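Structure first, then comments.
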Amino acid sequence: MSHTIDLFIYPNCQLLDASGPWQVFASANTLLGRPHYELRLNAIAPGEIRTNGGMTLVATHALGGRSADTSPGDTLLVAGGHGVHDLDDEVIQTLARRAAATPRVGSICTGAFALARAGLLDGRCVTTHWRQAERLAREFPEVDVAADALYRESGGIYTSAGVTAGMDLALALVAQDHDHRLAGEVARELVMFLHRPGDQAQFSEGLRCQLASHGRLRRLIDRVLNDPLADWNSERLAEAIAVTPRHFQRLFRQQLQMTPIEFLTRLRLESARRLLAESDASLTQIAEHCRVGGAEQLRRQFQRRYGLAPSAYRARFGRAPSNVETRDAS
């Protein structure tokens, strides 16, 4: 049985908000060897739609169409982009009617504003692009905005952060429809870093620190990010920029609001998380490779940082049967 996915676009929408999720579902079809997902590009009316980058997409279906080939599908996704704020009330009402007749509804990036105007997000925990999260919360105080999440599901409504997070959401929907293994295969087919869980922050720890640091410390952060598993410690980091350990600790806290050891631990846990998803190495091997102590120490730190055990993470996002030690099963 096929699953129809309607993707709604409009003038000045974000191109990748449309093309990214679309390709995830198309690649799932390729890997399945059959057209499980029927993809339909919707607009206010069929025809050319100019995206924010100037590229034109051609919508084949009308959002409010009533003919047999434009009846509501199984999933409706709304792309984001600056044009979402220009949609008139009639379009929003049409969107609300279409959503009411569709079992699964979601938005990419600022597409959440359209769903909020349609009254679909009231009382739900949602997310959107980090730059627009404050505006969404201000304009729709009845909506609970999780500003730092990649994607969220609340009461059957799905929302995601900006641009590439829409692909993460699409992968999550593929996993829901089939399994996490297929989602992982799609991620590898598209050369995505990995299928990220929805509660992961919109910024990686490395990018967050790059944005917050400057001067000599920024250059050091870049150096550490280039080789995060080297034998770094506070003393070696201080030596690298020719300051005393005490001054280095103060400088680090001023710019990054954490200690150097906290920074290194977060980077190494990110590396461990990638290995859990992309390899079948044991916890002992991963802990040793990522310099986070033994398997039990990795389990405790991983649980504290990400809110789930390494075994649970691997079960959801791993690509192969796990040989994680049995003591991690808790």
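One line per residue, one yes/no per condition, for (1) at pLDDT below 95; (2) surrounded by fewer than 16 Cβ atoms within 10 Å (Cβ to Cβ); (3) farther than 26 Å from ALA133 by Cα:
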position: SER19; (1), (2), (3): no, no, no
position: GLU38; (1), (2), (3): no, yes, yes
position: GLY81; (1), (2), (3): no, no, no
position: ASP89; (1), (2), (3): no, yes, no
position: SER107; (1), (2), (3): no, no, no
Determine the pairs where a residue that is outside the structural domain of ARG274 (by TED's automatic domain parsing) and farther than 17 Å from SER271 by Cβ, located within the range 217-243, has a partner that is outside any loop (DSSP other than H, G, I, E, B) and among the hydroxyl-bearing types (Ser, Thr, Tyr) with Cβ atoms under 6 Å apart, the partner being 6 or more residues away or on another chain. none
What number goes with the only condition from (1) surrounded by fewer than 16 Cβ atoms within 10 Å (Cβ to Cβ); (2) within 21 Å of LEU120 (Cα to Cα); (3) modelled with pLDDT of 95 or more that GLY47 does not pass? (2)
Scan the range 120-154 for residues that are in contact with a Lys or Arg (Cβ under 6 Å, 6 or more places away or on another chain) and either part of a helix (DSSP H, G or I) or modelled with pLDDT of 90 or more (or both) and report the count. 4
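The rows are residues; the columns are (1) out of contact with any strand residue (DSSP E or B) (no Cβ under 8 Å at 6 or more places or on another chain); (2) more than 27 Å from LEU171 (Cα to Cα); (3) modelled with pLDDT of 80 or more.
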{"residue": "GLU270", "(1), (2), (3)": "yes, no, yes"}
{"residue": "ASP280", "(1), (2), (3)": "yes, no, yes"}
{"residue": "ILE286", "(1), (2), (3)": "yes, no, yes"}
{"residue": "ALA320", "(1), (2), (3)": "yes, no, no"}
{"residue": "THR326", "(1), (2), (3)": "yes, yes, no"}
Of the candidates HIS178, HIS195, the one satisfying the condition of being at pLDDT below 80, under 25 Å from GLY73 (Cβ atoms) and of a type outside the set (A, V, I, L, M) is HIS195
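The values are calculated or read from the model by the stated rules, or taken from the named source; none is laboratory data. All values derive from a computational prediction rather than experimental measurement. Virtual Cβ from ideal backbone geometry, glycine too; neighbours counted across all protein chains shown.
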